[in-house]
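Undergrad: I have a structure I would like to understand better, so I am pasting it below and will then ask my questions one at a time.
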Protein chains: 2
Amino acid sequence: MSDLRGGIDLGGTKIQTAIVDAGGRVLGEARHPTPTSGGPADVARTMEDALREAAAAAGVRPGDLEGVGVGSPGDADGETGVVSGARNLPGWGGSFPLGETLSTALGTEVRIGNDVQVATEAEFRLGAGKSHSSLLGVFWGTGVGGGIVLDGRPWLGRGAAGEIGHMVVKRNGARCPCGRRGCLEAYAGRAAMEAKARREQAKGVKTEIFKIMEKRGKDRLTSSVWEHALREQDPLTESLIRRAVRYLGTGIASAVNLLDVEAVVIGGGLGVRFGERYAEQIEREMGKHLFLADHPPQLQVAELGDLGGAIGASLLFAR
Amino acid sequence: MSDLRGGIDLGGTKIQTAIVDAGGRVLGEARHPTPTSGGPADVARTMEDALREAAAAAGVRPGDLEGVGVGSPGDADGETGVVSGARNLPGWGGSFPLGETLSTALGTEVRIGNDVQVATEAEFRLGAGKSHSSLLGVFWGTGVGGGIVLDGRPWLGRGAAGEIGHMVVKRNGARCPCGRRGCLEAYAGRAAMEAKARREQAKGVKTEIFKIMEKRGKDRLTSSVWEHALREQDPLTESLIRRAVRYLGTGIASAVNLLDVEAVVIGGGLGVRFGERYAEQIEREMGKHLFLADHPPQLQVAELGDLGGAIGASLLFAR
């Protein structure tokens, strides 16, 4: 057995795998699109394929890994390896024994964690957060997720801590994809931003963003579509990103007023892409609401980029 | 030296003291009004008098106490015993060596803590929170303060954690006494509620609450004035309390979505008085915003009532 570990980041769009050594270096990686039809067993098979590919690239057999960690959406039970209610994955409304299935297929131990929490820990141990003892990870993507590290340890609450995307930033405000009103995610999540762009267009607002989407062969507004529309200075795109940034700053400040962490790390698809560019505006918005405005936390962009989730998953074997 | 400890809760209105034994029982107590003029030295003298009175009631000399803890507003430095920027106390905008002053006067060791945090710990160890390992204390009074216990230990952040009153529940919303916009305290803090009542009356809204205030010889809307106005079914009073309760439910749910604690304990002047009566409405409002609406935290009213702060302060000697 080697001291290498596998990590799998199971996302709604892609499955990213990595083989990571004890020092956190990535020796091999692979990325497959997440199946959009079928069910949990098909998703598990794609995960297996992607992990085998990364292992081959690293020159190791899956069975020789110390173990494989998975960062999973939905309700991921670390004890049993069962994942339930992962609604952004095909046919995964119920429960599926993901840990057991992958462990049998790969011939090594598999541990399951929460996708956002493992990505936060990766940044805490190896990335932007490594000089701090407490941090809030904010994952700005399709939704807005959050992970918390306090005093060097993950804070999971009763299992569901960190839902910064569902903190209320505007009572009676916009409808969130979760069905509630006024959540941060209702303003800053990519899915909510796309829905708002469609509503604006339907109302007659001119925008190039959907043409850009089609030209790039996408059926929804991915991070790269937003990026290109910004580059073409599409006014609706600019205004929706500015709005997201305002609410992100407000929501992060609100969380910091409660937790008073040393650092905030912004990751996720939009965060990695736009974090650097908008950091100053996010900080300015935070400044309007921070209780200790002259003592803000350090705001940093995730350093591990797209690989953070897979690296963090591998750290499930480094505790 | 006995195993008895003193506790002093230093509030803007009153100074409450208690002599507490190792089991958390109160053997003597005293309450003095907080001086409204003079400076920190005058406040310290009143604290000394009140503590001596409680000690006499318990049949112990201050010098024989294991120590005296103080729950202080402002920026209370536990290391140095210096309290700074306690703006609700007369002439206390700067720094004052409260710990040293009291220690010399009383002839025993003095430790200084944050008022809200020590009251939260009192509820955690001896009151409504004692069967839980994590809790959020919400102190609904002149302002809205908060204290956090996670995994059995207070979470203080960089020293300022727990400011639930300054979480943003409505971006661009009402002006808060802190100067910012949309904070929970702007809707639910007694000072903000009084300011709103005065504005409504100036706009011509009829209300009995200021007459009740005068009849009771008060110059501001104390908790007991709100209570009496509610009893007389004053419509403005009812509407402002309902509004406070709605925002409290929203803000608490928002905090719980981030922290996922087991329990929420509501204390403070208004909380102790109205918590039981409005618990169901607070829970209903929380339910609209909780990410795990079918798994809410337990909502409880502080059990130690007005003495919680002084008892919690005494616990600074039980760590």
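The values are calculated or read from the model by the stated rules, or taken from the named source; none is laboratory data. These figures come from a predicted structure and were not determined experimentally. With ideal geometry, Cβ positions are generated from the backbone for all residues, glycine too; neighbour counts draw on all protein chains shown.
Undergrad: Just name the residue that is nearest to B:Val144 (Cα to Cα) out of those in region B:160-201 that are away from chain A (no Cβ under 14 Å) and of a type outside the set (A, V, I, L, M, F, W, C).
TA: Within region B:160-201, the first condition is being away from chain A (no Cβ under 14 Å), and the residues that meet it are B:190-201.
Restricting the remaining residues to those that are of a type outside the set (A, V, I, L, M, F, W, C) gives B:190, B:194, B:196, B:198-201.
Working: B:Arg190: 8, B:Glu194: 14, B:Lys196: 16, B:Arg198: 20, B:Arg199: 21, B:Glu200: 22, B:Gln201: 24 Å.
Looking at the filtered set, the residue picked out is B:Arg190.
Undergrad: Suppose the filter is farther than 29 Å from A:Leu156 by Cα and touching a Ser or Thr at 6+ places or on another chain (Cβ under 9 Å); does B:Asp260 pass it? I'd like the intermediate steps shown before the answer.
TA: Working: farther than 29 Å from A:Leu156 by Cα: no; touching a Ser or Thr at 6+ places or on another chain (Cβ under 9 Å): yes.
When the stated conditions are applied, B:Asp260 does not pass them.
Undergrad: A further question follows. Looking at region B:9-24, can you tell me whether even one residue there is crowded, with 19+ Cβ neighbours inside 10 Å and not in a strand (DSSP E or B)? I'd like the intermediate steps shown before the answer.
TA: Initially, region B:9-24 is screened for residues crowded, with 19+ Cβ neighbours inside 10 Å, giving B:9-11, B:15-20.
Narrowing the set further to residues that are not in a strand (DSSP E or B) leaves B:11.
Checked against the condition, which is being crowded, with 19+ Cβ neighbours inside 10 Å and not in a strand (DSSP E or B), region B:9-24 yields at least one hit.
Undergrad: While we're on this one: Here are some residues: A:Arg125, A:Arg158. Which one is part of a helix (DSSP H, G or I) and surrounded by fewer than 23 Cβ atoms within 10 Å (Cβ to Cβ)? Spell out how you get there, then give the answer.
TA: Working: A:Arg158 fails: part of a helix (DSSP H, G or I).
Only one candidate passes the filter, namely A:Arg125.
Undergrad: Okay, next question. Output the residues belonging to region B:164-199 that are charged (D, E, K, R) and surrounded by 16 or more Cβ atoms within 10 Å (Cβ to Cβ). I'd like the intermediate steps shown before the answer.
TA: Taking region B:164-199 and keeping what is charged (D, E, K, R), we get B:170-171, B:175, B:180-181, B:185, B:190, B:194, B:196, B:198-199.
Across region B:164-199, the qualifying residues are B:Lys170, B:Arg171, B:Arg180, B:Arg181, B:Glu185, B:Arg190, B:Glu194, B:Lys196.
Undergrad: Applying the selection to region A:280-300, what residues are within 18 Å of A:Glu123 (Cα to Cα) and more than 18 Å from the chain's Cα centre (by Cα)?
TA: Across region A:280-300, the qualifying residues are A:Pro297, A:Gln298.
Undergrad: Report, by residue number, each residue of region B:87-111 that is assigned to a loop (DSSP other than H, G, I, E, B), free of Cβ contacts under 8 Å to residues at least 60 places away in the same chain and of a type in the set (A, V, I, L, M, F, W, C).
TA: Residue satisfying the conditions is B:Trp92 alone.
Undergrad: What are the residues in region A:57-72 that are surrounded by fewer than 21 Cβ atoms within 10 Å (Cβ to Cβ) and either modelled with pLDDT under 95 or farther than 13 Å from A:Arg5 by Cα (or both), if any?
TA: Answer for region A:57-72, where residues must be surrounded by fewer than 21 Cβ atoms within 10 Å (Cβ to Cβ) and either modelled with pLDDT under 95 or farther than 13 Å from A:Arg5 by Cα (or both): just A:Ala57.
Undergrad: When you check B:Ser72 against the structure, is it among the hydroxyl-bearing types (Ser, Thr, Tyr) and over 18 Å from B:Gly309 (Cα atoms), yes or no? Steps first, please.
TA: Details: among the hydroxyl-bearing types (Ser, Thr, Tyr): yes; over 18 Å from B:Gly309 (Cα atoms): no.
It is false that B:Ser72 is among the hydroxyl-bearing types (Ser, Thr, Tyr) and over 18 Å from B:Gly309 (Cα atoms).
Undergrad: Could you list, in sequence order, all residues of region A:63-86 that are of a type in the set (Val, Ile, Thr) and assigned to a loop (DSSP other than H, G, I, E, B)?
TA: First, the residues of region A:63-86 that are of a type in the set (Val, Ile, Thr): A:68, A:70, A:80, A:82-83.
If the condition is that a residue be of a type in the set (Val, Ile, Thr) and assigned to a loop (DSSP other than H, G, I, E, B), then A:Thr80, A:Val82 are the ones that fit.
Undergrad: I need the full set of residues from region B:69-128 which are hydroxyl-bearing (Ser, Thr, Tyr) and under 21 Å from B:Arg25 (Cα atoms), in order please. Before the answer, list the steps.
TA: Here is the first cut: in region B:69-128, the ones hydroxyl-bearing (Ser, Thr, Tyr) are B:72, B:80, B:84, B:95, B:101, B:103-104, B:108, B:120.
Result: B:Thr108, B:Thr120.
Undergrad: Before we move on, is B:Gly137 in a strand (DSSP E or B), without any contact (Cβ under 8 Å) to a residue 60 or more places away in the chain and either in contact with a strand residue (DSSP E or B) (Cβ under 9 Å, 6 or more places away or on another chain) or within 8 Å of chain A (Cβ to nearest Cβ) (or both)? It would help to see each step written out before you state the result.
TA: Details: in a strand (DSSP E or B): yes; without any contact (Cβ under 8 Å) to a residue 60 or more places away in the chain: no; either in contact with a strand residue (DSSP E or B) (Cβ under 9 Å, 6 or more places away or on another chain) or within 8 Å of chain A (Cβ to nearest Cβ) (or both): yes.
So B:Gly137 fails the test.
Undergrad: Just one of the numbered conditions (1) touching a residue at least 60 places away in the same chain (Cβ under 8 Å); (2) outside any helix (DSSP H, G or I) is not true of B:Gly251; which one?
TA: The one condition B:Gly251 does not meet is (2).
Undergrad: Restricting attention to region A:91-117, which residues are in contact with a Pro (Cβ under 7 Å, 6 or more places away or on another chain) and surrounded by fewer than 17 Cβ atoms within 10 Å (Cβ to Cβ)?
TA: Passing the criteria: A:Gly91, A:Gly107.
Undergrad: Right, next: How about region B:30-55: which of its residues are in a helix (DSSP H, G or I) and in contact with a strand residue (DSSP E or B) (Cβ under 7 Å, 6 or more places away or on another chain)? Even if it seems obvious, please write down each step before you answer.
TA: Narrowing region B:30-55 to residues in a helix (DSSP H, G or I): B:40-55.
Selection gives B:Pro40, B:Thr46, B:Met47, B:Asp49, B:Ala50, B:Leu51, B:Glu53, B:Ala54, B:Ala55.
Undergrad: Take the residues in region B:141-155 that are in a loop (DSSP other than H, G, I, E, B) and more than 17 Å from B:Val261 (Cα to Cα); name whichever of them is nearest to the other protein chains (Cβ to nearest Cβ).
TA: Filtering region B:141-155 for residues in a loop (DSSP other than H, G, I, E, B) gives B:141-143, B:151-152, B:155.
Filter once more, so that each one left must be more than 17 Å from B:Val261 (Cα to Cα): B:141-143.
Values: B:Gly141: 17, B:Thr142: 16, B:Gly143: 11 Å.
Filtering region B:141-155 for residues that are in a loop (DSSP other than H, G, I, E, B) and more than 17 Å from B:Val261 (Cα to Cα), the one nearest to the other protein chains (Cβ to nearest Cβ) comes out as B:Gly143.
Undergrad: How many residues does region A:213-237 contain that are at pLDDT 95 or above and surrounded by 14 or more Cβ atoms within 10 Å (Cβ to Cβ)? First the steps, then the outcome.
TA: Taking region A:213-237 as the starting set, the residues that turn out to be at pLDDT 95 or above are A:213-217, A:221, A:225-237.
Keeping just the survivors that are surrounded by 14 or more Cβ atoms within 10 Å (Cβ to Cβ) gives A:213, A:221, A:225-230, A:234, A:236-237.
Selection size over region A:213-237: 11.
Undergrad: Something else about it: Confirm whether B:Glu232 is under 26 Å from the mean Cα position of the chain (by Cα) and not hydrophobic (A, V, I, L, M, F, W, C).
TA: Values: under 26 Å from the mean Cα position of the chain (by Cα): no; not hydrophobic (A, V, I, L, M, F, W, C): yes.
Considered against the rule, which asks whether it is under 26 Å from the mean Cα position of the chain (by Cα) and not hydrophobic (A, V, I, L, M, F, W, C), B:Glu232 comes out as no.
Undergrad: Same structure again: I'm checking my understanding of the structure. Among residues of region B:275-305 that are touching a residue at least 40 places away in the same chain (Cβ under 8 Å) and of a type outside the set (A, V, I, L, M), which one is farthest from the other protein chains (Cβ to nearest Cβ)?
TA: Result: B:Glu303.
Undergrad: Just give me the residues in region B:261-309 being on the phi > 0 side of the Ramachandran plot and buried (at least 23 other Cβ atoms within 10 Å of the Cβ), in sequence order. Quick ask: steps written out before the conclusion?
TA: Quick first cut of region B:261-309, residues on the phi > 0 side of the Ramachandran plot only: B:268, B:305.
The answer is B:Gly268, and nothing else.
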